[in-house]
1. Ignoring everything but the protein chains, give the 1.4 Å probe accessible area of A:TYR39 in square angstrom, nearest 10.
2. Going down the table (B:LYS4/B:LYS102; A:LYS66/B:LYS112; A:LYS66/B:LYS61; B:LYS100/B:LYS133), which pairs top 28 Å between alpha carbons?
3. At 37 °C and a viscosity of 0.692 mPa s, what translational diffusion coefficient does Stokes-Einstein give for region B:40-79, taking Rh as the Kirkwood radius over Cα pairs? Give it in µm²/s as a whole number.
4. Take every DSSP beta bridge with both residues inside chain A and express the antiparallel ones as a percent of the total, to the nearest 5.
5. To two decimal places, what compactness ratio does chain B give when its Cα radius of gyration is scaled by 2.2 N^0.38 Å?
6. Hey, with R₀ at 30 Å, roughly what FRET efficiency would B:TYR82 and B:PHE7 work out to, going by the Cβ-Cβ distance, to 0.05?
7. Anyone know which of A:LEU44, A:LEU20, A:LEU85 comes out most mobile in the 10 Å Cα GNM of chain A?
8. Could you quote the convex hull projected area for the protein assembly as shown, Cα atoms only and averaged over all directions, in nm²?
Amino acid sequence: MEISLGKGKKPLFITAKGRLDTTGSAELETWVAETVYPYKDNVLMDFSELDYVSSAGLRTILNLSKGLKEKGFSFALCCVQDHILEVFEISGFDSFIPIFTSRGEYSL
Amino acid sequence: MTKKEEFAIASTAAGIVTLHEQVKNITTSWNLSNKQSGEVNLILEEICVNVISHGGKRAGKITISLSLENSVLIMTVTDSGYPFDLTSAAAPDVRLPVEKRKAGGLGVHLVKHYSDSIFYERADEKNILTIEKKLNQEKV
């Protein structure tokens, strides 16, 4: 899975490409510990190129969401593909993670 | 005409990587749509991850077989781990607030959502899970 940082501005923009499966979620967890928490700001993840998510990925997202909340920061997603959105809805994650259709919508 | 495939994976994280590769091959040879492929992949990944975490050292190789006839896909996952019936796992409470949410149970919840039926049996010291899924009339 490919994870990259947006440049410059707040919040922390992260783009995750590929698959958030068992392997991908382990990579994301490491990245979160090394890059996200030390950044100390709100986080927006762009899922436009995320094609797959399994429960391992959901676990990582849940931990990230809780972890940021405990530190007083917010976590949101944008640009989620329909079939991925379905997984989030079935799991009830859309009840505590704001999901925007675009980055622009988040900024409003 | 019935299409059939069977393969085995190790009950380790590397085995899950093999699983994804195998599903990708089957997607191509059976001409599954991206949506169908993703759902099949998810069902199998979740089951195998559960086998790995509950099966213990005895899980050994996990055998997965798929057959497709008249748009009905039947998948069978067999392992030699400790008895574990995925179908009786408790569903997560998806309405809890984030502070109380736990990740446990989500995999099983997803398998149930994307499958039309799931049947568990234990025979010859093996866990055998049979999943049926109707593939919508896209292209099979």
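The values are calculated or read from the model by the stated rules, or taken from the named source; none is laboratory data. Just so it is clear, the structure is predicted and the values come from calculations on it, not from any experiment. A quick note on method: Cβ atoms are made from the backbone with ideal geometry, for glycine too, and the neighbour counts reach across all protein chains shown. The protein model used for the area step is the full one, side chains on, heavy atoms only, and it has no ligands, DNA or RNA in it. Shrake-Rupley method; radii C 1.70, N 1.55, O 1.52, S 1.80 Å.
1. The accessible area of A:TYR39 comes to roughly 90 Å².
2. Long pairs (Cα-Cα over 28 Å): B:LYS4/B:LYS102; A:LYS66/B:LYS61; B:LYS100/B:LYS133.
3. So the translational diffusion coefficient is about 300 µm²/s.
4. 25
5. Against the compact-globule rule of thumb, the ratio is 1.05.
6. The computed FRET efficiency comes out at 0.85.
7. Result: A:LEU85 has the largest fluctuation of those listed.
8. Numbers: hull surface 55.6 nm².
Average projection, Cα convex hull of the protein assembly as shown: 13.9 nm².
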